[in-house]
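Asker: Okay, handing you the structure first.
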Amino acid sequence: MRPLVFALPPSERFADALAGKLDAERGKIELHRFPDGETSLRLLTDCQEREVIVVATLIDPDPKLLPLALLTQTARELGAARVRLVTPYLAYMRQDKRFRPGEAVSNRIFARMLSELADELWTFDAHLHRVASIDDLFDIPAHNLHAAPALSDWIANNIDRPLLVGPDEESQQWVQDVAERAGAPFTVLRKERHGDYDVRITLADPNVDRTRQPVLVDDIISTARTMAETANILQSLGLRAPVAVAVHGLFAGDALHALRKAGVNRIVTSNTVPGPFAEIDVTPMLAEALDAGP
Ligand code: R5P
C-alpha cells in the first residue's frame, strides 16, 4: 500500500512535493479551532495498516503541538502501521543549557514530548551545538539530515566567485561543509550576544579576499540580528553587500527590515520553513532518506 502523507499548516506544499517524490498519497485532514481556543481534528483519509508520514514544520511551535498530538495519535488509534514524523524545522533546539538558574532546558523536554507522538522523527539541521547527536535527545529513532548539499548546489549555480562567511564559531560546521561542497573558500567570524536584539561581531581573519562575493551562511535566520551585524561588518571592511543563505528562515519580528537596512542584497533559504525566500528544495533529499530509511 502507498504511504500516506499528512500535513499541518503551513507544511502543505512541502508535503505535496514530498508525496510526489515518494509516490505517496496525500492524506486529508479537517482542522477547526473552536471559539474557546480548543482544536478539533479529523482524518479524512483512511490510515488502516498504512505507513503514515506527518509533516509539521515547527516554526511558532507552541500552537502546533496540540494539533500534532491529535493528528499522530488519531492515526495510531485508526490503525496506522507506523507514524513517521517529519519536522523540516525542529524548534526549541537552541535552549540546550540552563543558562540562568531555574531555566527550563527546553530541547530535552521538547524532544521527549515529540518522542511520545511518533515512531520516528526526521528533521533538517537541528541546532545541536552542545549536543553530540540528536539521538541523545529523543527516545525514538531520530534522523538529522543536512541541507548542505542543496545549499552548496544553489551557491555554485547562482553566485560567481563566492566567499562563504559564517557569522560565528557555532556556524562553522554549516559553513565549512557548504563551502567544501561548493568548492569555495570560507571564513568564520566571532560573535558576542548581549541580548535578544544586541549581537556584536568581529572579523577574526582580516586577510579575506575582498574581491569575492560574500555569502553569509547560517543554520537559522530568526531575528536576523546575527546576519545583519555580520553584513554591516563586512561592508565596513570594504567587502561587497552580502547574499544571506540559511537552512531555516524564521524571520521573527522585524528581521526582514534589519536585513534590508544592513544592505543584504539577496536572501535565500531552504523550504524547511515556507515563505517568499524558500527557493532551495530539500524534499528530494528527504524522500531519498525516507525511502532508504529503516
Ligand atoms: C545561533 O546559535 C544560530 O546558529 C544562529 O546564528 C542564530 O540562531 C540566529 O539568530 P538571530 O537571527 O536571532 O540572530
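Asker: Check Thr39 against each of (1) open to solvent by 70 Å² or more (accessible area, probe 1.4 Å); (2) over 19 Å from Val273 (Cβ atoms) and name the one condition it does not meet.
Answerer: Thr39 satisfies every listed condition except (1).
Asker: When the residues of the range 146-192 are narrowed to those that are part of a helix (DSSP H, G or I), over 17 Å from the mean Cα position of the chain (by Cα) and among the polar types (S, T, N, Q), which ends up surrounded by the fewest Cβ atoms within 10 Å (Cβ to Cβ)?
Answerer: Going through the range 146-192, the residues part of a helix (DSSP H, G or I) turn out to be 148-158, 169-182.
Next, only the ones that are over 17 Å from the mean Cα position of the chain (by Cα) stay: 153, 155-158, 169, 176, 179-182.
After this cut, where a residue has to be among the polar types (S, T, N, Q) as well, the list is 157-158, 176.
On the way: Asn157: 8, Asn158: 14, Gln176: 16.
Here the answer is Asn157.
Asker: Examine the range 71-86 for a residue that is farther than 17 Å from Asp119 by Cα and of a type outside the set (A, V, I, L, M), and state whether such a residue exists.
Answerer: no
Asker: On to the next question. Scan the range 51-62 for residues that are touching a Lys or Arg at 6+ places or on another chain (Cβ under 8 Å) and either assigned to a helix (DSSP H, G or I) or not acidic (Asp, Glu) (or both) and jot them down. Steps first, answer last, please.
Answerer: Looking only at the range 51-62, we keep the residues that are touching a Lys or Arg at 6+ places or on another chain (Cβ under 8 Å), and these are 51-54, 56, 58.
Within the range 51-62, Val52, Ile53, Val54, Ala56, Leu58 meet the criteria.
Asker: From the residues in the range 146-179 that are of a type in the set (S, T, N, Q) and modelled with pLDDT of 95 or more, which one is farthest from the ligand (Cβ to nearest atom)? Please lay out each step first, then the result.
Answerer: Taking the range 146-179 and keeping what is of a type in the set (S, T, N, Q), we get 152, 157-158, 171-173, 176.
Now restrict to residues that are modelled with pLDDT of 95 or more: 152, 157-158.
Values: Ser152: 18, Asn157: 25, Asn158: 22 Å.
Among those residues, the one meeting the criterion is Asn157.
Asker: Also: Tell me, which residue of the range 217-275 that is among the small types (Gly, Ala, Ser) and under 18 Å from Pro162 (Cβ atoms) is farthest from the ligand (Cβ to nearest atom)? Don't jump to the end; show me each part of the working.
Answerer: To start, the set of residues in the range 217-275 that are among the small types (Gly, Ala, Ser) comprises 222, 224, 228, 231, 236, 238, 241, 244, 246, 249, 252-253, 255, 258, 262-263, 270, 275.
Narrowing the set further to residues that are under 18 Å from Pro162 (Cβ atoms) leaves 231, 238, 241, 244, 246, 263, 270.
Values: Ala231: 12, Gly238: 24, Ala241: 18, Ala244: 10, Ala246: 8, Gly263: 16, Ser270: 15 Å.
This residue is Gly238.
Asker: Mind checking which residues of the range 263-294 are open to solvent by 40 Å² or more (accessible area, probe 1.4 Å) and modelled with pLDDT under 95?
Answerer: Asn265, Asp291, Ala292, Pro294
Asker: Considering only residues of the range 202-216 that are open to solvent by 30 Å² or more (accessible area, probe 1.4 Å) and not hydrophobic (A, V, I, L, M, F, W, C), which is nearest to the ligand (Cβ to nearest atom)? Please lay out each step first, then the result.
Answerer: So in the range 202-216, the residues open to solvent by 30 Å² or more (accessible area, probe 1.4 Å) come out as 202-207, 209-212.
In the following step, the residues that additionally are not hydrophobic (A, V, I, L, M, F, W, C) were identified as 202, 205-207, 209-212.
Working: Thr202: 15, Asp205: 19, Pro206: 22, Asn207: 24, Asp209: 23, Arg210: 23, Thr211: 26, Arg212: 22 Å.
Here the residue is Thr202.
Asker: Could you list, in sequence order, all residues of the range 117-145 that are under 19 Å from Glu51 (Cβ atoms) and away from the ligand (no atom under 16 Å from the Cβ)? Write out each step before concluding.
Answerer: Keep residues of the range 117-145 that are under 19 Å from Glu51 (Cβ atoms), which gives 117-123, 140-143, 145.
Correct list: Leu117, Ala118, Asp119, Glu120, Leu121, Trp122, Ile140, Pro141, Ala142, His143, Leu145.
Asker: Which of the numbered conditions does His143 fail, given that it passes all the others? Conditions: (1) surrounded by 14 or more Cβ atoms within 10 Å (Cβ to Cβ); (2) part of a helix (DSSP H, G or I); (3) modelled with pLDDT of 95 or more.
Answerer: Status for His143: all satisfied but (2).
Asker: Find all pairs meeting these conditions: Cβ atoms under 7 angstrom apart; at least six residues apart or on different chains; first residue within the range 113-137 and acidic (Asp, Glu); second residue within 16 Å of the ligand (Cβ to nearest atom) and part of a loop (DSSP other than H, G, I, E, B).
Answerer: Asp125/His146; Asp125/Ala147
Asker: Would you check if Ala56 is touching a helix residue (DSSP H, G or I) at 6+ places or on another chain (Cβ under 8 Å) and more than 16 Å from the ligand (Cβ to nearest atom)?
Answerer: When the stated conditions are applied, Ala56 passes them.
Asker: Hey, His32 hits all of (1) free of Cβ contacts under 8 Å to residues at least 12 places away in the same chain; (2) within 26 Å of the chain's Cα centre (by Cα) but one; which does it fall short on?
Answerer: Result: His32 fails condition (2) only.
The values are calculated or read from the model by the stated rules, or taken from the named source; none is laboratory data. Everything quoted here is computed from the prediction, not taken from an experiment. For neighbour counting, all protein chains shown are included, and Cβ atoms are generated from backbone atoms with ideal geometry for every residue, glycine included. Only protein heavy atoms, including side chains, enter the accessible area calculation; ligands, DNA and RNA are left aside. Shrake-Rupley method; radii C 1.70, N 1.55, O 1.52, S 1.80 Å.
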